[in-house]
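What follows is a single structure, written as structure tokens, with notes after it.
The values are calculated or read from the model by the stated rules, or taken from the named source; none is laboratory data. Keep in mind the model is a prediction, meaning the values are calculated, not measured. So basically every Cβ, Gly included, is an ideal-geometry build from the backbone, and we count neighbours across all protein chains shown.
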Amino acid sequence: MILGRRRFRDVIERQLRLFVEEHDELIRECAEALARYDASERDSAEELYGDYVDLVETGTEALADMRDRFAQTLSDDDAQPYEAEFNRAVAKKLPPFALEIENR
């Protein structure tokens, strides 16, 4: 069954590379926001974490949109395995955006 799980690997790798190229600033902003949160004092931590979560949500939505647009081009039998493989690839290559992607 591993072969079946990997049949979308090439397209997903291209999609994720495109996402990184098109959203490099967002990815950098997420890392910076997390660093600000990690270094923050208790009184500002909640607001800074909210800023980080907002940025991650933006990226997660963009990835889910990319995934869903491609899934619409597939048969029903292929769409679900593709989505699962896409979500696993996001978890591996872009972990900050993986937490909520299955819920989108």
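Worth pointing out:
- Qualifying residue in the stretch 32-53 (condition: in a helix (DSSP H, G or I), farther than 21 Å from ASN103 by Cα, touching a residue at least 12 places away in the same chain (Cβ under 8 Å) and among the small types (Gly, Ala, Ser)): yes
Conditions (1) hydroxyl-bearing (Ser, Thr, Tyr); (2) within 12 Å of the chain's Cα centre (by Cα); (3) crowded, with 18+ Cβ neighbours inside 10 Å, marked per residue:
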position	(1), (2), (3)
GLU57	no, yes, no
LEU63	no, yes, yes
ASP76	no, no, no
GLN80	no, no, no
PHE86	no, yes, yes
ALA91	no, yes, no
PRO95	no, yes, no
GLU100	no, yes, no
ARG104	no, yes, no
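- Pairs with Cβ under 9 Å, 6+ apart, first in the stretch 89-104 and more than 19 Å from ARG69 (Cα to Cα), second among the polar types (S, T, N, Q) and not in a loop (DSSP other than H, G, I, E, B): PRO96/THR60; LEU99/THR60
- Matching entry among GLU29, GLU57, GLU85, GLU25 (being in contact with a Leu (Cβ under 7 Å, 6 or more places away or on another chain) and of a type in the set (Asp, Glu)): GLU29
- Exactly one residue out of GLU21, GLU46, GLU29 is surrounded by 13 or more Cβ atoms within 10 Å (Cβ to Cβ) and acidic (Asp, Glu), and it is GLU29.
- The stretch 78-104, residues that are charged (D, E, K, R) and at pLDDT below 95: GLU100, GLU102, ARG104
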